[in-house]
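The block underneath contains the structure these notes are about, expressed in structure tokens.
The values are calculated or read from the model by the stated rules, or taken from the named source; none is laboratory data. Remember, predicted model here, so these are calculated numbers, not experimental data. Using ideal geometry, Cβ is built from the backbone for each residue, glycine included, and neighbour counts are taken over all protein chains shown.
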Amino acid sequence: MFKQSLAFIAIFAILVVSSGSIKPPIEMGNDPSFDKNVKIFNSWDFGGDVFVYNSTDGYIQLPNEFMKKAESFQTGIDVCFIKFHPREQYQMKAGDYHRNYAALCNFGQRMDGLYAGNCEEIVCPL
């Protein structure tokens, strides 16, 4: 009886794993169902404090607790992430997200501000 129970548990575990119900965490991707704003988190995996940016806000410099510490983000609008010196700009499209945007050399550890729309020279001139 004990061996039959173990066999049943093993088969059940294999079925659960192979069914796709256990999935590895996604680091980045695109989900078009996000609200029409940008949410920046100061902790990875969408944790910690959150800063919400709306497209009507225009250019903003990130608050101190998020400057150079944008650990994760979700965006429901096209937005330009900006670092002023030395200049870097990264275009994000509506639905983009990243769970660990400040890891290693990712831009979240250098980001100063953001602007709704496309990255243009007018936003961050040379």
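Looking across region 83-118, the residues that are of a type in the set (S, T, Y) and either surrounded by fewer than 18 Cβ atoms within 10 Å (Cβ to Cβ) or over 19 Å from G48 (Cβ atoms) (or both) come down to Y90, Y115. List every residue pair whose Cβ atoms lie under 8 Å apart, where the two residues are 6 or more positions apart in sequence or sit on different chains, the first residue falls within region 62-74 and is more than 16 Å from N100 (Cα to Cα), and the second residue, located anywhere, is in a loop (DSSP other than H, G, I, E, B) and not hydrophobic (A, V, I, L, M, F, W, C). Qualifying pairs under 8 Å: L62/D112.
Of all residues in region 33-55, those that are in a loop (DSSP other than H, G, I, E, B) and of a type in the set (S, T, N, Q) total 1.
Residue count for region 56-71 satisfying the condition of being on the phi < 0 side of the Ramachandran plot and either assigned to a loop (DSSP other than H, G, I, E, B) or at pLDDT below 90 (or both): 10.
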